[in-house]
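Report on the structure given below.
The values are calculated or read from the model by the stated rules, or taken from the named source; none is laboratory data. Only a predicted model underlies this, so the values are computations on that prediction, with no experimental measurement involved. FYI the Cβ positions are ideal-geometry reconstructions off the backbone, even for glycines, and counts take in every protein chain you see. SASA here: full protein model, heavy atoms, side chains in, ligands and nucleic acids out. Shrake-Rupley method; radii C 1.70, N 1.55, O 1.52, S 1.80 Å.
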Amino acid sequence: MSNKKTIDGFPFKQLTFEKRTSEELLQKAETYFKSMNNRRTVREFSDRPVPIEVIENILKTANTAPSGANKQPWTFCVVSNPELKRKIREAAEIEEKENYDGRMNEEWREELKAFGTNWEKPFLEIAPYLIIVFKQSYALKDGKKEQHYYVNESVGLACGFLLSAIHQAGLVSLTHTPSPMNFLCSVLNRPMNEKPFLLIPVGYPADEVYVPDIERKNLSQFSEFYS
Ligand code: IYR
């Protein structure tokens, strides 16, 4: 029996789907929640090396995210080259210094105090990998523009998958948004259809790391059920 057919002349294949009992569903959902609930943004990294194959698999997971018309409108640039990391740190710190020195308003700066952030970004040189996610506003095929759809939504989803994969592999990450981050286009020599979306240092945490002792909202605070 073939698991393939055509609909309106287009190829389709049967969904791979494991049927589970309600108990199994609950167990799986709880286990995954507990694991993800331990994920924390980390700002202090170890320089301990991470095999590139781990990063490759994490990227492949990110690339399974749904995207508008399956255009996969993203490019993940993986930087381990020390000279490039140094350039990125220098450029990011110039922008971030301006942000912390006044581009961010007083309320914003006050709010960030609880997170222990400042303009200095040593993690950009210490973490073994920087994954810089670019969104492709459109495709460039043989010099011609082709449309992409729901680009921000698609790339945001891929980043979510990426962060989850990093955590599941046993590494830590930081969603860093040096602003503005156009310098990444020239440092990484990106084509004109790409814009930087997120910069994600990845690696092991430093030996002893303290993260902000903050709470997540509970279910009834962040959801509404209509039954
Ligand atoms: N992009 C800056 C500032 C910053 C802003 C927010 I909102 C944060 O949650 C954390 C940091 C930085 O990376 O330091």
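Some points to look at:
- Residue match in the range 79-87 (condition: away from the ligand (no atom under 13 Å from the Cβ), more than 30 Å from P205 (Cα to Cα), in a helix (DSSP H, G or I) and over 21 Å from the mean Cα position of the chain (by Cα)): no
- Within the range 107-126, the only residue that satisfies the criterion of being away from the ligand (no atom under 14 Å from the Cβ) and either over 22 Å from L163 (Cα atoms) or of a type in the set (A, V, I, L, M, F, W, C) (or both) is I126.
- Lone unmet requirement of (1) in a loop (DSSP other than H, G, I, E, B); (2) loosely packed, with under 10 Cβ neighbours inside 10 Å; (3) basic (K, R) for K34: (1)
- Number of positions in the range 94-106 that are in a helix (DSSP H, G or I), open to solvent by less than 70 Å² (accessible area, probe 1.4 Å), within 11 Å of the ligand (Cβ to nearest atom) and farther than 20 Å from V42 by Cα: 2
- Of the residues in the range 216-225, at least one is within 30 Å of S46 (Cβ to Cβ) and more than 17 Å from the chain's Cα centre (by Cα).
- Checking E44 against (1) open to solvent by 70 Å² or more (accessible area, probe 1.4 Å); (2) near the ligand (Cβ under 10 Å from one of its atoms), the condition it does not meet: (2)
- When the range 142-158 is filtered for residues that are farther than 30 Å from Y204 by Cβ and either within 12 Å of the ligand (Cβ to nearest atom) or surrounded by fewer than 21 Cβ atoms within 10 Å (Cβ to Cβ) (or both), the ones remaining, listed by number, are D142, G143, K144, K145, E146, Q147, Y149, Y150, V151, N152, E153.
- For R39, the criteria (1) under 21 Å from the mean Cα position of the chain (by Cα); (2) part of a helix (DSSP H, G or I) hold in every case but one, which is (2).
- When A139, A91 are screened for being at pLDDT 95 or above and either open to solvent by less than 20 Å² (accessible area, probe 1.4 Å) or under 25 Å from P212 (Cβ atoms) (or both), only A139 passes.
- Residue within the range 70-82 that is in contact (Cβ under 8 Å) with a residue 60 or more places away in the chain and exposed (fewer than 14 other Cβ atoms within 10 Å of the Cβ) present: no
- In a residue-by-residue description of the range 110-125, the property of being under 27 Å from L59 (Cα atoms), surrounded by 14 or more Cβ atoms within 10 Å (Cβ to Cβ) and of a type in the set (D, E) applies to at least one position.
- Residue within the range 50-57 that is farther than 26 Å from I126 by Cβ and modelled with pLDDT of 95 or more present: no
- Test set (1) within 16 Å of the ligand (Cβ to nearest atom); (2) open to solvent by less than 30 Å² (accessible area, probe 1.4 Å); (3) charged (D, E, K, R) - E194 fails condition number: (1)
- Number of the exception - N218 against (1) within 22 Å of R86 (Cα to Cα); (2) open to solvent by 30 Å² or more (accessible area, probe 1.4 Å): (1)
Yes/no matrix, rows are residues, columns are (1) of a type in the set (V, I, T); (2) touching a Phe, Trp or Tyr at 6+ places or on another chain (Cβ under 6 Å); (3) farther than 14 Å from A62 by Cα:
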position	(1), (2), (3)
L157	no, no, no
C185	no, no, yes
K195	no, no, yes
I200	yes, no, no
N218	no, no, yes
F225	no, no, yes
